[in-house]
1. GNM on the chain, C-alpha springs below 10 Å: top fluctuator among SER15, SER274, SER379?
2. For ASP17 paired with ASP71, estimate the spin-label separation in nm (one decimal), with each label point 7 Å from Cα along the Cα-to-Cβ line.
3. Picking from VAL101, GLY360, HIS269, whose Cα lies most toward the positive end of the charge dipole for the chain (charges on Cβ: Lys, Arg +1; Asp, Glu -1)?
4. Per-residue accessible area for SER51 at 1.4 Å probe radius, Å² rounded to 10?
5. Beyond 29 Å between alpha-carbons counts as too far, so tell me which of LYS38/LYS323; LYS300/LYS323; LYS300/LYS355 fall in that bin.
6. Just the number, please: carbon plus sulfur as a percent of the accessible area of the chain, 1.4 Å probe, no ligands or DNA/RNA counted.
7. Count the net charge of all other residues whose Cβ sits under 12 Å from the Cβ of HIS230, scoring Lys and Arg as +1 and Asp and Glu as -1.
8. Just to verify a number: FRET efficiency for SER336 and ARG111, C-beta to C-beta distance, R0 = 51 Å, to 0.05?
Amino acid sequence: MNAAEQSFAAQLARSRDGEPGFLAALRASARDTFLAAKLPTTKDEDWRFTSLAPLAGQAFAPAAPARAAVDLPPAPRLVFANGRLDAAATSLAGLPAGVRVSSLAAALRERPGALEPRLGGAAPAAGQPFAALNTALFEDGALVEIDDGVACGPTLHLVFVSEGGATATHPRNLVVAGKGSRATVVEHYLGRGAYLVNAVTEVSVGAGAQLEHDRLQEDAPEAFHVGTLHVAQGAASRFAGQSLALGARLARVEARALLAAEEASCELHGLNVSSGAQLHDHFVHVDHASPRCTSREVFKGILGDTSRGVFAGRILVRPGALKTDAGQVSSSLLLSDDAVVDTKPQLEILTDDVKCSHGGSVGQLRPDQLFYLRSRGISEALARALLTWAFAAEMVQRVGPEELRGRVRRAVMERLPSSELLREVA
């Protein structure tokens with residue numbers, strides 16, 4: 001075992017008292033799964049381009065209790081510091097009737113029977129070591145429940161703040177959108193130190209429901225981040241997800257969507273902005289299990305210095321999933337000769353009468369575009385900054401909540417070359 005695996009094995013050996021029987025069984029199964037599989041390596045096909053050696057060489061202790069000393073978004077918000085609810089920073093004002101937002105740990109204590117059929121249903125531990133580790137070790141997270149037919153006007157903000165060196169947290173979130181409901185949920189990760197965040201979010205979207213899910217990762221430059229999103233959709237439901245990866249030394253986000261009933265629609269989009277020696281990895285798997293479903297994926301990366309980007313997209317069309325309409329596009333902009341991108345689009349089509357496509361591009365700024373701007377009196381530095389921002393702006397505009405879009409816009413600009421020139425003309 002490497003240092004990380006040894007530290008996790010020691011934590012997995014500790015007993016937990018007073019938990020519901022179903023959760024104890026779930027944890028035991030997940031523990032066995034992780035200990036058998038251990039951390040992925042580049043020999044695993046789904047991790048072929050992402051080496052976990054920097055993470056594997058470090059031992060991680062459980063994070064100590066903390067307070068969230070950061071700028072917070074408007075209410076309603078649920079705030080977690082080092083993996084535990086920060087009640088003082090949390091504010092649930094403005095929630096409409098029929099929407100319940102709470103700590104997952106509290107809900108497991110107060111009404112475990114209601115969560116038993118939900119928890120772990122969309123995110124099985126089998127074949128996913130980090131999801132298994134999360135299931136075995138999570139302490140808290142967010143529970144969002146939206147009743148049938150309820151439209152939640154305000155954006156629900158879930159904020160996760162981490163502090164400390166060589167510590168690990170495993171947030172677990174569960175979002176249940178009832179039939180015909182509508183809502184927007186934001187996950188925001190940030191912090192200070194060389195910590196690990198290993199987060200799992202399970203989402204159930206009922207028939208006819210519409211859910212937007214935005215994920216902003218702004219972890220510390222020394223941090224490690226692994227996130228897993230599992231989405232199960234009902235008939236005629238719509239899910240729109242955006243993943244924005246800006247921080248962390250090494251970050252990987254997996255998004256897995258199951259279109260389980262007819263006429264479900266799923267959008268999964270992403271943007272990573274990388275510099276220094278950062279590694280950002282997006283892995284997407286869309287399972288078309290029913291006829292007449294639609295999926296779209298657009299992922300972009302902007303990479304400078306010696307950073308690395310990875311995109312792997314897999315679309316599975318099962319037998320009988322007729323009239324499937326699936327599209328996947330990945331594009332990366334290299335700002336340095338030393339930046340590297342690995343992209344792996346995959347289509348597995350097991351039926352007829354479908355429309356599926358994928359495409360990708362990797363390149364640098366076009367000389368003719370630079371020449372056009374330079375010929376109109378714009379400096380080379382500003383021309384490069386404007387073209388780079390134009391490449392990113394499409395993804396920023398996909399973020400629905402206005403308050404989050406403004407933050408993302410500023411954060412992306414700050415990470416681009418000549419950001420001070422961009423601020424002057426923005």
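The values are calculated or read from the model by the stated rules, or taken from the named source; none is laboratory data. This structure is a prediction, so every number in the text was calculated from the model and none was measured. Every residue, glycine as well, gets a Cβ built from its backbone with ideal geometry; the counts of neighbours run over all protein chains shown. Quick note on the areas: whole protein, heavy atoms, side chains included, nothing else; ligands and nucleic acids left out. Shrake-Rupley method; radii C 1.70, N 1.55, O 1.52, S 1.80 Å.
1. Result for the chain, Cα springs under 10 Å: SER15 fluctuates most.
2. The answer from the label model is 4.6 nm.
3. The one lying farthest along the dipole's positive direction is VAL101.
4. About 60 Å², rounded to the nearest 10.
5. LYS38/LYS323
6. 51 percent
7. 0
8. Here the calculated transfer efficiency is 0.45.
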